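Values in this text are rule-based calculations from the coordinates and carry no lab data. Values in this document were obtained by computation on a predicted structure and should not be read as measured data. No Cβ is skipped: glycine too gets one built from the backbone with ideal geometry, and neighbour counts run over all protein chains shown.
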């Protein structure tokens, strides 16, 4: 059975402490249609894992106002030893790209795509759809210009297998 | 705003390929309609032997009851794991937990504090949450509500105005905030307190039951839900 559609994808964000003594880093993030400024009233907040290299996973919607292309805004709130600062707001274009599995022999009844930003793995899943026989298509998301690594979840009857190209996966630049 | 709930998995055999968690939240006493829709996440493979997997779930601060139209701050959390193993899939039993909240009040007898947050987490410090506290006498629509601090451009103005607002209130100041977790679990918790005005008195620290502390670690309060 293929997992159901998912409304968000995970995107890891990293912070490197520029100086010693930083106690906590919290990220605030929100999305908006492209060109629309952020509305911080409904923003999400997440504390980054302890440093000096800190990270957190943002849960980014797969569509905003029905579009797979939109803006992700975030900033960091940094509590230091003796002060607190806020980073500038970073705005990044989120885009989706299609990946395809061509089932030339017609061996599979369903195909899913397991994928992640190549440099900072957070596993995501997209169920494949087919509009012509034996060709399964799915979307992967990320920041424009980034690289996504993906593999295939191949299902037939009660059986299934995961093909990650010998551990290397396949890549696509967004 | 959300809180965060880590869910882990330990592989019992070597041929587990992927583990997914399927989950849904319902008002108290209700069950999910899995065919209507639910959330699914892939657990991250952390390696190790036996292999550990983890997903930190972003959890709501309430669930809307479609029958009453109201949001319930306490709710039920339903989940199961889907395990892909050895060329096949299997699912665990369905687990249901009651999500409950705990309100905290911090009493500032002498008015030193101008900013205060709770730093808390479910179970341990894997997924901490940083929640601003507020004195309920600060008007809910005030631009100087604690929750507005992070996106307020002119921080020095915020520090000054919030100081003045609190200064005008009778002592003690009682700051409130809320934590969530599954019934039966333990929350760990500290305070982050600060005096951000006047500038020459700026100071802030993290507090546990043993006094000042770094964030996280053993100097914390434990709350059994």
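Count, for each residue of A:41-53, the Cβ atoms from other chains sitting within 10 Å of its Cβ, then give me the mean as a whole number. Let's see the in-between values first.
Details: counts 3, 1, 3, 3, 10, 8, 10, 1, 5, 5, 0, 0, 0.
Partner-chain Cβ atoms within 10 Å, mean over residues of A:41-53: 4.
Rounded, prolate or oblate for the range A:11-70? Axes are the square roots of the Cα gyration tensor eigenvalues, ordered a ≥ b ≥ c, and the cut-off for rounded is a/c under 1.5. Don't jump to the answer; show the numbers that get you there.
On the way: a/c = 2.93, a/b = 2.39, b/c = 1.23.
Because a/c hits 1.5 or more and a/b exceeds b/c, the range A:11-70 counts as prolate.
Once you order the gyration tensor axes a ≥ b ≥ c over the Cα atoms, which shape class does the range B:9-135 get: rounded for a/c under 1.5, otherwise prolate or oblate by comparing a/b with b/c?
Details: a/c = 3.64, a/b = 1.54, b/c = 2.36.
It comes out oblate by the Cα gyration axes.
Just the ratio, please: alpha-carbon radius of gyration of the range B:168-215 over 2.2 N^0.38 Å, N its number of residues.
On the way: Rg = 14.5 Å, N = 48, 2.2 N^0.38 = 9.6 Å.
Here the Cα radius of gyration is 1.52 times the empirical estimate.
Calculate, for residue B:203 and residue A:143, the FRET efficiency according to 1/(1 + (r/R0)^6) with r their C-beta to C-beta distance and R0 45 Å; round to the nearest 0.05. List each step's numbers first, then the result.
Details: r = 39 Å, r/R0 = 0.86.
With a Förster radius of 45 Å, E is 0.70.
Report the calculated FRET efficiency for residue A:110 and residue B:1 (r = Cβ-Cβ distance, R0 = 51 Å), to the nearest 0.05. If you can, show how the numbers build up before the last one.
Working: r = 37 Å, r/R0 = 0.72.
Efficiency computed from Cβ-Cβ geometry: 0.90.
If the chain between residue A:83 and residue A:158 were fully stretched, how many nm would it gain, using 0.36 nm times the residue separation less the Cα-Cα distance?
Working: separation 75, 0.36 × 75 = 27.00 nm, distance 5.79 nm.
Once the chain is fully extended between residue A:83 and residue A:158, it gains 21.2 nm.
How big is the convex hull of the Cα atoms of the protein assembly as shown, per residue, in Å³?
Working: hull volume 66.4 nm³, N = 399.
Convex hull volume per residue, Cα atoms: 166 Å³.
Given points 7 Å out from each Cα along the Cα-Cβ axis, report the residue A:69 to residue B:212 separation in nanometres with one decimal.
Going from the residue A:69 label point to the residue B:212 one covers 5.3 nm.
Please report, in cubic angstrom per residue, the volume enclosed by the convex hull of the alpha-carbon atoms of the range A:52-112. Kindly include the intermediate steps, with their values, before the conclusion.
Numbers: hull volume 8.9 nm³, N = 61.
Output value, Cα hull per residue: 146 Å³.
Ranked by Cβ crowding within 10 angstrom, fewest neighbours first, how are A:69, B:201 ordered? Walk me through the intermediate numbers first.
Details: A:69 14, B:201 11.
By the 10 Å Cβ count, ascending: B:201, A:69.
Quantify how strongly other chains surround peptide B:82-89 by giving the mean number of their Cβ atoms within 10 Å of each of its Cβ atoms. Spell out each step's value before the answer.
Working: counts 2, 0, 5, 1, 3, 5, 4, 6.
That average works out to 3.
Which values of log₁₀ I(q)/I(0), to two decimal places, follow from the Debye formula for the range A:90-174 at q = 0.12, 0.21 Å⁻¹ with a uniform point scatterer at every Cα?
Result of the Debye calculation: -0.35, -0.95.
With the contact rule set at Cα under 8 Å and sequence spacing of 6 or more, what percent relative contact order holds for the range B:1-143? List each step's numbers first, then the result.
Numbers: 239 pairs, mean separation 36.3, N = 143.
Across the range B:1-143, relative contact order equals 25 percent.
If you line up the long axis of helix B:155-167 against the longest principal axis of chain B, both from Cα atoms, how many degrees apart are they, to the nearest 10?
Helix B:155-167 sits roughly 70 degrees off the main axis of chain B.
In percent, how large is the relative contact order of chain A, given Cα pairs closer than 8 Å and 6 or more residues apart? List each step's numbers first, then the result.
Numbers: 393 pairs, mean separation 35.0, N = 174.
Computed over chain A, the figure is 20 percent.
Test of understanding: ordering B:88, A:74, B:160 by Cβ neighbours within 10 Å, fewest first, what list do you get? Walk me through the numbers on the way to the answer.
Working: B:88 13, A:74 23, B:160 17.
Listing B:88, A:74, B:160 from fewest to most nearby Cβ atoms yields B:88, B:160, A:74.
Given chain B reduced to its alpha-carbon atoms as identical point scatterers, what log10 I(q)/I(0) does the Debye formula return at q = 0.09, 0.12, 0.15, 0.17 Å⁻¹?
-0.49, -0.79, -1.05, -1.21
Considering the range B:1-53, what Rg and Dmax in Å follow from its alpha-carbon atoms?
Rg, Dmax (Cα atoms, Å): 14.2, 39.
In nm, to one decimal, how far is the residue B:110 label point from the residue B:161 one, both placed 7 Å along Cα→Cβ?
2.9 nm
How far apart, in nm, are the 7 Å Cα→Cβ label points at residue B:36 and residue A:14?
Between residue B:36 and residue A:14, the simple spin-label model gives 4.2 nm.
Which FRET efficiency, nearest 0.05, do residue B:137 and residue B:54 yield, Cβ-Cβ r, R0 45 Å? Could the numbers behind the result be given before it?
Values: r = 41 Å, r/R0 = 0.91.
Calculated transfer efficiency: 0.65.
Relative contact order of the range A:58-153, please, whole-number percent, based on alpha carbon pairs below 8 angstrom and at least 6 residues apart.
Working: 167 pairs, mean separation 25.2, N = 96.
Taking the mean separation of contacting Cα pairs over the length of the range A:58-153, I get 26 percent.
Give me the Debye-computed log₁₀ of I(q)/I(0) at q = 0.10, 0.11 Å⁻¹ for the range A:20-174, equal point scatterers on Cα only, no solvent, two decimals.
Each listed q maps to, in turn, -0.47, -0.55.
Binning at 5 angstrom from zero up to the longest distance, how are the C-alpha pair distances of the range B:91-184 distributed in percent?
2, 12, 20, 20, 16, 11, 8, 5, 3, 2, 2, 0
With N denoting the number of residues in the range B:143-225, provide Rg(C-alpha) divided by 2.2 N^0.38 Å, to two decimal places. Don't skip to the end; give the middle numbers.
Values: Rg = 15.5 Å, N = 83, 2.2 N^0.38 = 11.8 Å.
Taking N as the residue count of the range B:143-225, the ratio is 1.31.
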